[in-house]
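For reference, the structure discussed in these notes is given below.
Every number here is computed from the coordinates shown, using simple stated rules; none is lab data. Since the structure is predicted, the reported quantities are computational estimates derived from the model, not experimental observations.
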Amino acid sequence: MFGPLVCKPGSSKKNKTGSWRIESRPKFLHQECIGCKMCISACPEACIVGEEKNKYEVDLAFCKGCGMCALICPKKDIEMTKEESEI
Ligand code: SF4
Ligand code: SF4
């Protein structure tokens, strides 16, 4: 039998998951962003905030470090960086 499953995207807004982000975190470079919001759409935790190009940031309290945002960004304006410290 399976235990409780997390099925809805973004549900970790209610359960902070940032504490088990262990390897990397996204860094928004704010250089080539065109404001397409694909990073926001791709983020399974709905933890990218911002209203206009070159202003997007991540709420690290909820980011898992999955890298989907960096992978999907058409301008490669998000870089995954090595985790340096606990939040
Ligand atoms: S790495 Fe990017 S896509 Fe993954 S949870 Fe963090 S902000 Fe969202
Ligand atoms: S996917 Fe890249 S270019 Fe598009 S809004 Fe996000 S950071 Fe900007």
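Please give the length that would be gained between LYS27 and GLU57 if that part of the chain were fully extended, namely 0.36 nm times their separation in residues minus their C-alpha to C-alpha distance (nm, one decimal). Write down the numbers at each step before the final one.
Working: separation 30, 0.36 × 30 = 10.80 nm, distance 0.80 nm.
Stretched fully, the LYS27-GLU57 segment lengthens by 10.0 nm.
In sequence order, what are the phi-derived ³J(HN,Hα) couplings for the stretch 71-77 according to the Karplus relation 6.51 cos²θ - 1.76 cosθ + 1.60 with θ = phi - 60°, rounded to whole Hz, with x for glycine and proline?
Karplus values, whole Hz, x for Gly and Pro: 5, 8, 4, x, 9, 6, 9.
Multiply the residue separation of LYS76 and MET38 by 0.36 nm, subtract the distance between their alpha-carbon atoms, and state the gained length in nm to one decimal.
Result for the pair: 12.5 nm of gain on full extension.
So how compact is the stretch 23-81: Cα radius of gyration and Dmax in angstrom?
9.8, 28
Using modelled amide H (1.01 Å from N, peptide plane; none on Pro or chain starts), what sits under 5 Å from the amide H of LYS27, excluding residues fewer than 5 places away?
Under 5 Å from the amide H of LYS27 lie the amide H atoms of GLU79, MET80, THR81, each far enough along the sequence or on another chain.
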